[in-house]
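Chemist: Sharing a structure here in structure tokens format.
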Amino acid sequence: MADFDTVVRGGTVVTADGVRSADVGISGGVVRAVEPGLGRGEEELSAEGRLVIPGGVDAHTHIEQKSSMGLMCADDYHSGTVSAVCGGTTTVLSFAVQGKGASPREVVAAYHAAAGPKAVSDYGFHLIVADPTPQALEEEIPELVAEGVVSFKIYMTYDLVRLDDRQFLEVLAAARRMGALTMVHAENHDMIGWLSDRLVGEGHQAPKFHAAGHPKLAESEATGRAIDLAELVDAPLYIVHVSSKEAAEEIGAARRRGLKVFAETCPQYLLLTAEDLDKPGMEGAKFCCSPAPRDEECQEALWEGIVDGTFDVVSSDHAPYSFDDKGKLAWGPEPPFPKICNGVPGVELRMPLLFSEGVGKARISLQRFVAVCCETPARLFGLYPKKGTIAPGSDADLAIWNPDQVVDIRWADLHDQVGYSPYEGRQIKGFPETVLRRGEVVVRDGQPRAQPGSGRFIVRDRPNSAEPLYRPSWSVALARRFGAVDFLK
């Protein structure tokens with residue numbers, strides 16, 4: 001009789017804590033043992049000469065979601081999650097968007113209906129709060145938090161979803177009361193609008209002007225303001241898709257002051273620059289995302305931020321808009337840059353790109369790679385230790401990774417429905433060969449094999465319970481001493 005359902009044998013197991021040679025024994029979809037010389041499994045998977053890493057947790061994806069311009073993205077919950085698992089990511093956190101006047105409960109129910117029959121990876125939702133009414137904040141959203149939707153996102157830009165500072169404070173205060181985590185897209189809306197209107201008015205409407213219309217100052221100002229608002233109410237804050245050195249400096253300064261500020265960056269900001277937007281014709285539209293790609297100085301600052309802990313997470317911000325009249329070119333074959341959908345695809349290549357450019361080029365260690373791609377997003381968003389690690393009791397989500405596999409990136413070999421990749425033609429080294437999700441092989445020899453609907457919605461714990469990630473801030477402690485924020489208790 002076999003000792004385990006599955007044994008992954010002879011690999012090098014990598015977690016955020018260390019690297020060791022060990023077998024992984026799996027039964028009932030859960031890791032039961034991680035040690036050398038385990039007994040027999042009903043199924044034996046060889047990992048000789050391979051790395052065995054936790055299944056990735058992508059904390060920022062847009063799947064089967066309408067954009068702020070009202071356009072549906074190219075990936076539904078089947079294609080988007082197939083793409084995820086083929087790149088080693090076994091859990092995605094995507095967004096449920098509350099439009100103006102919409103019920104948060106009804107919105108989340110609609111996203112459950114979309115994801116449940118199709119998802120291949122496990123998944124959860126962040127709620128985008130665009131209409132923070134008293135009923136939403138006091139009745140519906142607390143019910144959603146109790147049901148495992150424990151993180152919210154707000155926008156400081158985009159007309160259809162942005163909140164003003166007072167509304168931002170209301171969401172932060174509500175999140176603090178509920179033990180939830182607030183995420184923010186930090187860009188100064190009026191700076192972007194003012195610059196973009198003038199650029200287009202003077203005839204500068206090509207994709208390359210998208211970068212000029214989304215300046216670094218708009219990002220750093222909004223980042224600093226968001227941090228100040230979070231400090232006022234002593235609420236944790238997670239800043240998404242940081243692209244610039246200046247915004248990173250705002251985050252680093254806040255963390256040195258002991259504030260509960262967390263942040264992510266993305267491969268597009270580590271590998272692309274504003275020059276990629278300046279391609280012939282409308283090709284540059286394929287690289288338009290917000291914030292915009294910057295320059296080499298910013299790239300180096302972001303890599304340094306991954307190493308020194310300024311950035312806790314590397315997410316994909318997978319925003320899959322096709323390059324046609326249903327996506328990037330919905331406002332005509334040559335739309336002005338403000339009418340080009342913001343976003344690039346990347347859920348499948350997030351981990352391989354970071355492995356190749358980070359670990360492969362000695363910028364980051366293997367353990368740091370696992371921390372920012374797997375363990376820390378699981379910790380911050382209430383998934384750990386179920387997800388994000390390889391340890392007895394954790395879900396058997398893991399990728400058998402060939403560190404020597406050379407891949408020439410072609411969209412034709414990927415599994416999303418976007419039609420292009422901004423990384424087309426790059427060569428990377430290191431790719432997952434076999435991927436397990438809760439003990440089931442969902443990718444074998446690089447090919448997907450899971451059934452639609454086999455992914456599960458994950459009920460997440462409230463992240464505020466994840467001490468010591470949340471530390472008291474001195475400024476709020478002083479304010480409390482004088483009774484300035486007692487109303488938040």
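Chemist: Considering only the stretch 237-251, state which residues are open to solvent by less than 10 Å² (accessible area, probe 1.4 Å) and either under 23 Å from His62 (Cα atoms) or in contact with an Asp or Glu (Cβ under 9 Å, 6 or more places away or on another chain) (or both).
Modeler: Taking the stretch 237-251 as the starting set, the residues that turn out to be open to solvent by less than 10 Å² (accessible area, probe 1.4 Å) are 237-244, 247, 251.
Within the stretch 237-251, Leu237, Tyr238, Ile239, Val240, His241, Val242, Ser243, Ser244, Ala247 qualify.
Chemist: Also: So how many residues does the stretch 147-183 have that are open to solvent by 70 Å² or more (accessible area, probe 1.4 Å) and free of Cβ contacts under 8 Å to residues at least 60 places away in the same chain?
Modeler: Taking the stretch 147-183 as the starting set, the residues that turn out to be open to solvent by 70 Å² or more (accessible area, probe 1.4 Å) are 147, 159-160, 162, 164, 166, 170, 177.
Okay, now just the ones that are also free of Cβ contacts under 8 Å to residues at least 60 places away in the same chain, so 162, 164, 166, 170.
Residues flagged as open to solvent by 70 Å² or more (accessible area, probe 1.4 Å) and free of Cβ contacts under 8 Å to residues at least 60 places away in the same chain within the stretch 147-183 amount to 4.
Chemist: Which strands (runs of 3 or more DSSP E) sit wholly inside the stretch 4-100 and have at least 2 residues that are of a type in the set (Asp, Glu) and touching a residue at least 24 places away in the same chain (Cβ under 8 Å)? So that I can check it myself, show each step before the final result.
Modeler: Working: elements: 4-15, 18-27, 30-35, 41-46, 51-54, 56-61, 89-97.
Filter on the stretch 4-100 gives 41-46.
Chemist: Hey, any hits in the stretch 191-212 for a residue that's more than 25 Å from Phe337 (Cβ to Cβ), outside any loop (DSSP other than H, G, I, E, B) and either open to solvent by 40 Å² or more (accessible area, probe 1.4 Å) or charged (D, E, K, R) (or both)?
Modeler: Of the residues in the stretch 191-212, the ones more than 25 Å from Phe337 (Cβ to Cβ) are none.
Looking for residues that are more than 25 Å from Phe337 (Cβ to Cβ), outside any loop (DSSP other than H, G, I, E, B) and either open to solvent by 40 Å² or more (accessible area, probe 1.4 Å) or charged (D, E, K, R) (or both), one finds none in the stretch 191-212, hence no.
Chemist: Which one of these does Ser94 not meet: (1) more than 22 Å from Tyr384 (Cβ to Cβ); (2) surrounded by 24 or more Cβ atoms within 10 Å (Cβ to Cβ)?
Modeler: The single condition Ser94 does not satisfy is (1).
Chemist: Tally the residues that are open to solvent by less than 10 Å² (accessible area, probe 1.4 Å), farther than 20 Å from Gly382 by Cα and free of Cβ contacts under 8 Å to residues at least 40 places away in the same chain, restricting the search to the stretch 115-146.
Modeler: Adding up the residues that qualify gives 2.
Chemist: Name the residue that is farthest from the chain's Cα centre (by Cα), counting only residues in the stretch 14-68 that are under 30 Å from Phe262 (Cα atoms) and acidic (Asp, Glu).
Modeler: Within the stretch 14-68, the subset under 30 Å from Phe262 (Cα atoms) is 14-20, 30-31, 51-68.
From what's left, acidic (Asp, Glu): 17, 58, 64.
Values: Asp17: 22, Asp58: 5, Glu64: 15 Å.
Only one residue fits best here, namely Asp17.
Chemist: All but one of (1) over 14 Å from Cys266 (Cα atoms); (2) part of a loop (DSSP other than H, G, I, E, B); (3) open to solvent by less than 30 Å² (accessible area, probe 1.4 Å) hold for Ile400; state the number of the condition that does not hold.
Modeler: So Ile400 meets the others, but not (2).
Chemist: Can you tell me how many residues within the stretch 160-190 are closer than 29 Å to Lys208 by Cα, part of a strand (DSSP E or B) and not hydrophobic (A, V, I, L, M, F, W, C)?
Modeler: 2
Chemist: May I ask you to list the residues in the stretch 340-365 that are open to solvent by 40 Å² or more (accessible area, probe 1.4 Å), touching a residue at least 12 places away in the same chain (Cβ under 8 Å) and over 24 Å from Arg410 (Cα atoms)? Steps first, answer last, please.
Modeler: Restricting attention to the stretch 340-365, the residues satisfying the condition of being open to solvent by 40 Å² or more (accessible area, probe 1.4 Å) are 360-363, 365.
If we keep only those that are touching a residue at least 12 places away in the same chain (Cβ under 8 Å) too, we end up with 360, 363.
The answer is Arg363, and nothing else.
Chemist: Sticking with this structure for a sec: Pro293 is checked against (1) more than 23 Å from Val13 (Cβ to Cβ); (2) open to solvent by 10 Å² or more (accessible area, probe 1.4 Å) and fails just one. What number does that condition carry?
Modeler: Just one mismatch for Pro293, condition (2).
Chemist: What are the pairs, 6+ residues apart or on separate chains, where a residue within the stretch 439-455 that is at positive phi and at pLDDT 95 or above has its Cβ under 6 Å from a residue that is open to solvent by less than 50 Å² (accessible area, probe 1.4 Å) and in a loop (DSSP other than H, G, I, E, B)?
Modeler: Short answer, once both residue conditions are applied: Gly439/Gly29; Gly439/Ala396.
Chemist: For the stretch 275-289, what are the residues that are in contact (Cβ under 8 Å) with a residue 60 or more places away in the chain and surrounded by 19 or more Cβ atoms within 10 Å (Cβ to Cβ)?
Modeler: Hits for the stretch 275-289 are Asp276, Leu277, Gly284, Ala285, Lys286, Phe287, Cys288.
Chemist: Please go through the stretch 96-117 and pick out each residue that is in contact with a Gly (Cβ under 6 Å, 6 or more places away or on another chain) and within 19 Å of His60 (Cα to Cα).
Modeler: Start the filter on the stretch 96-117 by keeping residues that are in contact with a Gly (Cβ under 6 Å, 6 or more places away or on another chain), which leaves 117.
Within the stretch 96-117, none qualify.
Chemist: Just one of the numbered conditions (1) within 22 Å of the chain's Cα centre (by Cα); (2) open to solvent by less than 30 Å² (accessible area, probe 1.4 Å) is not true of Val441; which one?
Modeler: (1)
Chemist: Being part of a loop (DSSP other than H, G, I, E, B) and modelled with pLDDT of 95 or more narrows it down to one of Gln405, Gln417, Gln367, so name that one. Show your work before the answer.
Modeler: Values: Gln405 fails: part of a loop (DSSP other than H, G, I, E, B); Gln367 fails: part of a loop (DSSP other than H, G, I, E, B).
After ruling out the rest, the residue left standing is Gln417.
Chemist: Kindly provide the set of residues from the stretch 372-389 that are open to solvent by 10 Å² or more (accessible area, probe 1.4 Å) and in a helix (DSSP H, G or I), ordered by number.
Modeler: Within the stretch 372-389, Glu375, Thr376, Arg379 qualify.
The values are calculated or read from the model by the stated rules, or taken from the named source; none is laboratory data. Just so it is clear, the structure is predicted and the values come from calculations on it, not from any experiment. All Cβ positions, even for glycine, are placed from backbone atoms using ideal geometry, and neighbour counts span all protein chains on display. Keep in mind that these areas ignore ligands, DNA and RNA; they rest on the heavy atoms of the full protein, side chains included. Shrake-Rupley method; radii C 1.70, N 1.55, O 1.52, S 1.80 Å.
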